[in-house]
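Below is one structure, written out as structure tokens; the observations come after it.
Since every read-out is calculated from the coordinates, none of them should be taken as a lab result. Being a predicted model, the structure only gives us computed values, none of them experimental. Methodologically, a virtual Cβ is constructed for each residue, glycine included, from the backbone with ideal geometry; neighbour enumeration extends over all protein chains shown.
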Amino acid sequence: MKNKSKIIQSNSFTLKSELDWLIKLIDYRLEVYFKLNKKTVEFPEPNPINNDNSFYAKWIRDNSLDKFERLIVISSIANLFFPEVFDKFLIKNKGLDKRFTEFGGKLDSDKSRFIPTFSTLCFIFYGRDFEYVFDSQNIFDKNYKLNKIGAIYLSGNENDHLKFSQVINLDEEIVKLITLGEKYRPNYSSNFPAKLLSTSMNWKDLVLNPIIMEEVENINAWIEYKEDINKSKVLQNKIGKGYKCLFYGPPGTGKTLTATLLGNRNDIDVYRIDLSQVISKYVGETEKNLSRVFDIAENKNWILFFDEAESLFSKRTSVGDSKDRFANQQTAYLLQRIEEYSGLVILATNLKPNIDRAFSRRIQSTINFSIPTFFERKTLWGNFLNDISDLPEKSINRFSKDYEISGGSIKNVIQYAWLYSKRKKDKIKDEHIIQGIKRELMKDGKSVEINN
């Protein structure tokens with residue numbers, strides 16, 4: 001709690017300095033515009049932040065923001081928390097009995113609060129220097145620095161046809177970072193049908209076949225060197241945008257765990273898309289729901305994990321009626337959005353043949369998560385039983401050799417055996433494990449013959 005308080009205090013100190021600079025800028029511009037001071041007034045400079053360790057200052061430095069971009073950021077913060085900073089723009093032109101249109105801006109519903117628009121920021125920073133005002137239009141380009149990092153978005157009324165009449169807002173993620181020092185994580189909702197995946201396990205706990213692990217390490221390498229690709233036009237042309245994977249295989253073989261641990265290892269959030277909230281029977285709704293997820297995830301560097309992906313990415317069929325046509329349109333739309341996503345997308349399914357072949361052509365890694373081999377099962381049994389049981393290695397070898405079950409099933413067996421032993425006020429014994437294996441085999445409709 002003390003650390004959090006220090007972080008907020010540090011951010012507040014720096015933001016206050018930036019806010020003071022904004023106030024000086026507004027005073028300077030009004031003085032110059034209305035010629036209130038016959039002496040030459042110096043353009044106020046922001047305080048240097050080279051040695052400032054606040055989250056705000058680090059973010060400004062990391063993204064190499066110039067003075068105008070700093071003005072955009074602090075104006076958005078002021079509009080959120082300190083709207084009184086802009087009260088001076090509420091003055092009226094007495095000759096015309098109306099507001100000064102050159103200030104830009106909007107009024108709230110009570111006409112008591114001035115809301116700065118992009119034209120307001122141009123007036124504050126550039127005044128009537130038209131060359132610079134015209135040049136500032138690059139803020140509306142998708143390759144503009146603040147747009148590329150997903151830091152800002154425009155908002156306004158539907159009747160605002162001019163972009164200069166739009167209000168520039170800071171993304172909620174950036175607001176939380178530079179004020180509280182917190183990483184933004186959206187809550188699950190109808191507008192964001194995805195859940196953050198987490199695990200207390202570590203990378204060393206991941207037990208996979210060496211061939212599978214080799215493929216997973218390739219994905220990890222892409223995450224590690226993603227920035228090298230983004231900075232090189234040659235690599236962008238040769239390697240492509242983003243990385244798409246298909247994990248397929250029986251339940252419990254480590255598909256979800258692998259996705260989660262890839263995020264943990266690289267300090268990246270992993271979101272599992274809730275398909276029950278995405279898929280809709282109404283035409284166009286599925287695309288709209290999925291679009292919201294991609295729009296929010298864009299520029300966040302998240303890993304998107306689609307479990308049971310066959311329900312979304314099924315094969316396209318020949319068009320027999322309107323339902324077929326709309327289903328094919330939906331698949332085509334999903335192909336487009338996934339191809340455009342610059343991060344890591346993982347599709348997981350138990351039914352690989354049901355995935356549309358067009359997806360296969362766009363997938364960089366296709367990994368078959370098969371039932372673990374004897375040696376992998378032995379490692380899994382040993383890991384799960386470690387510190388909670390003193391069963392001999394002979395028993396572990398027997399379980400590993402005789403029963404071809406997945407890691408998820410082994411975990412379920414251990415949970416059952418531990419709970420059963422607690423009920424009996426006893427230690428975990430072979431018979432407890434055997435009973436748990438019976439239950440797992442019955443779940444899958446398999447034979448329950450157990451060799452004692």
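The angle between the Cα long axis of helix 393-402 and the longest principal axis of the Cα atoms of the chain comes to about 90 degrees, rounded to the nearest 10. Exposure proxy shown here: for LEU246, LEU391, the number of other Cβ atoms within 10 Å sets the order, fewest to most, as LEU391, LEU246. Entry note, the chain: the mean residue ellipticity at 222 nm calculated from DSSP H runs of n ≥ 4, each adding -39500 (n - 2.57), is -14500 deg cm²/dmol after division by the residues and rounding to the nearest 500. Approximating the spin labels as points 7 Å out from Cα along Cα→Cβ, the LYS422-to-GLU102 distance works out to 7.5 nm. Between the DSSP loop rule and a limit of at most 16 other Cβ atoms within 10 Å, which trypsin sites (Lys or Arg not before Pro) in segment 213-268 are left? Here the trypsin sites (Lys or Arg not before Pro) that fit, given the DSSP loop and packing criteria, are LYS241. Antiparallel beta bridges, as assigned by DSSP with both residues in the chain, represent about 40 percent of the total such bridges. Placing +1 at every Lys and Arg Cβ and -1 at every Asp and Glu Cβ, with all other atoms neutral, what dipole size does segment 2-180 have around its Cα centre, in debye to the nearest 20? Taking the Cα centre of segment 2-180 as origin, the dipole is about 380 debye. Restricting the GluC sites (Glu not before Pro) of segment 101-177 to loop positions (DSSP other than H, G, I, E, B) with no more than 13 neighbouring Cβ atoms within 10 Å leaves GLU158.
With 0.36 nm allotted per residue and the present C-alpha distance subtracted, the ASN397-GLU42 stretch has 119.7 nm of extension available.
Kindly identify segment 2-180 as rounded, prolate or oblate by the Cα gyration tensor criterion: order the square roots of the eigenvalues as a ≥ b ≥ c, call it rounded if a/c is under 1.5, otherwise compare a/b with b/c, prolate if a/b is larger, else oblate. Prolate, because a/c is 1.5 or more and a/b exceeds b/c.
Loop-located trypsin sites (Lys or Arg not before Pro) across segment 115-187 with a Cβ neighbour count of 12 or fewer within 10 Å are ARG128, LYS142, LYS183, with loop assigned by DSSP. In terms of its C-alpha gyration tensor, segment 156-256 comes out prolate, because a/c is 1.5 or above and the ratio a/b outweighs b/c. A Cα-only calculation for the chain places Rg and Dmax at 29.0, 101 Å. Dipole of the chain computed with +1 at Lys/Arg Cβ and -1 at Asp/Glu Cβ about the Cα centre; of ASN51, PHE247, ALA221, farthest Cα towards the positive end is PHE247.
The residue list ALA297, GLY382, SER280 was ranked by how far each Cα lies along the charge dipole of the chain toward its positive end, using unit charges on Cβ atoms, and GLY382 comes out on top. Spin-label model, SER155/THR373: points 7 Å from Cα along the beta carbon direction are separated by 5.6 nm. Shape class for segment 372-447, computed from the alpha carbon gyration tensor (a ≥ b ≥ c): oblate, with a/c not under 1.5 and a/b at or below b/c. Seen against the Cα atoms of the chain and their longest principal axis, helix 255-265 is set at about 50 degrees.
If you rank PHE34, PHE68 by fewest surrounding Cβ atoms within 10 Å, what's the result?
Taking fewest neighbouring Cβ atoms as first place, the list is PHE34, PHE68.
Local charge for LEU380 was computed over the other residues whose Cβ lies under 11 Å away, with Lys and Arg +1 and Asp and Glu -1, and equals +1.
For the chain, a crude dipole built from +1 on the beta carbon of Lys and Arg and -1 on the beta carbon of Asp and Glu, taken about the Cα centre, is about 520 debye to the nearest 20. Inter-part distance, segment 38-72 to segment 197-263, computed on C-alpha centroids, equals 38 Å. Residue order for THR366, THR120, THR256, THR101, fewest other beta carbons within 10 angstrom first, comes to THR101, THR366, THR256, THR120. With respect to the chain, whose longest principal axis is taken over its alpha-carbon atoms, helix 285-297 is tilted by about 70°. A Förster distance of 45 Å, applied to the separation of the beta-carbon atoms of SER360 and GLN435, puts the FRET efficiency at 0.60.
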